[in-house]
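What follows is a set of notes on a single structure, which appears directly below.
The values are calculated or read from the model by the stated rules, or taken from the named source; none is laboratory data. Worth saying up front: this structure is predicted, and the values here are computed from it rather than measured. Glycine gets a Cβ as well: all are built from the backbone with ideal geometry, and neighbour counts include every protein chain shown. Surface areas here come from the heavy atoms of the whole protein model, side chains and all, with no ligands, DNA or RNA. Shrake-Rupley method; radii C 1.70, N 1.55, O 1.52, S 1.80 Å.
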Amino acid sequence: MSWQSYVDNQICAQVSCRLAAIAGLQDGAIWAKFEKDSSVTPVTQAELKLIADTMRTNPGSFTESGIHLGGDKYFCLSAENNLIRGRKGSSALCIVATNTCLLVAATTDGFPPGQLNTVVEKLGDYLRSNNY
């Protein structure tokens, strides 16, 4: 299965996404992504690398500075070395770090955050169990 099909079929098919991406954990290189429409500022490799680096070194700093993704700032609800949850208005954000990649998804306004978290975290567990 291609990385794009993970984004399309495993995340976006189950979650009303505003944006979703899979990127390399070490360099933030984007392997696959989805952006709902042209009103969404594109996610950048630099943003993803900064998130991955901060998750490894000081995830607690997200509670002070917020999480910057796709040109938006999300309020950090919780931050650990392999999981971040955030909100911006009624949009939810979930970021999971696996052994080799970063899974990122943000919902459209009003989509249930619990469903987002379940989908992204289960995919993260699956990829970890397959050494990704």
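Taken over region 41-68, the criterion of being hydrophobic (A, V, I, L, M, F, W, C) and in contact with a strand residue (DSSP E or B) (Cβ under 7 Å, 6 or more places away or on another chain) is satisfied by VAL43, LEU48, ILE51, ALA52, MET55, PHE62, ILE67. Scanning region 62-84 for residues being open to solvent by 30 Å² or more (accessible area, probe 1.4 Å) and in a helix (DSSP H, G or I) gives a total of 3. When restricted to residues that are open to solvent by 60 Å² or more (accessible area, probe 1.4 Å) and farther than 19 Å from THR98 by Cα, region 1-27 contains 2.
All told, PRO42 falls short of being open to solvent by less than 60 Å² (accessible area, probe 1.4 Å) and over 17 Å from TYR132 (Cβ atoms). Right, ALA52: under 22 Å from ASP109 (Cα atoms), at pLDDT 95 or above and not charged (D, E, K, R) or not? So ALA52 does not fit the description; no.
Considering (1) closer than 21 Å to THR118 by Cα; (2) open to solvent by 30 Å² or more (accessible area, probe 1.4 Å); (3) modelled with pLDDT of 95 or more; (4) within 12 Å of the chain's Cα centre (by Cα), the lone condition that ILE30 does not fulfil carries the number (1). If you check every pair at least six apart or on different chains, which have Cβ atoms under 9 Å apart with a residue in region 48-77 that is touching a residue at least 40 places away in the same chain (Cβ under 8 Å) first and a residue that is assigned to a helix (DSSP H, G or I) second? Partner pairs satisfying both residue conditions: ILE51/PHE62; MET55/PHE62; LEU69/GLU47; LEU69/LEU48; LEU69/ILE51; GLY70/GLU47. Quick one: in region 88-132, of everything that is within 17 Å of VAL40 (Cβ to Cβ) and over 11 Å from the mean Cα position of the chain (by Cα), which residue is least open to solvent (accessible area, probe 1.4 Å)? Once the filter is applied, the top-ranked residue is SER91. Taken over region 9-40, the residue count meeting the criterion of being out of contact with any strand residue (DSSP E or B) (no Cβ under 7 Å at 6 or more places or on another chain) and of a type outside the set (A, V, I, L, M, F, W, C) is 9.
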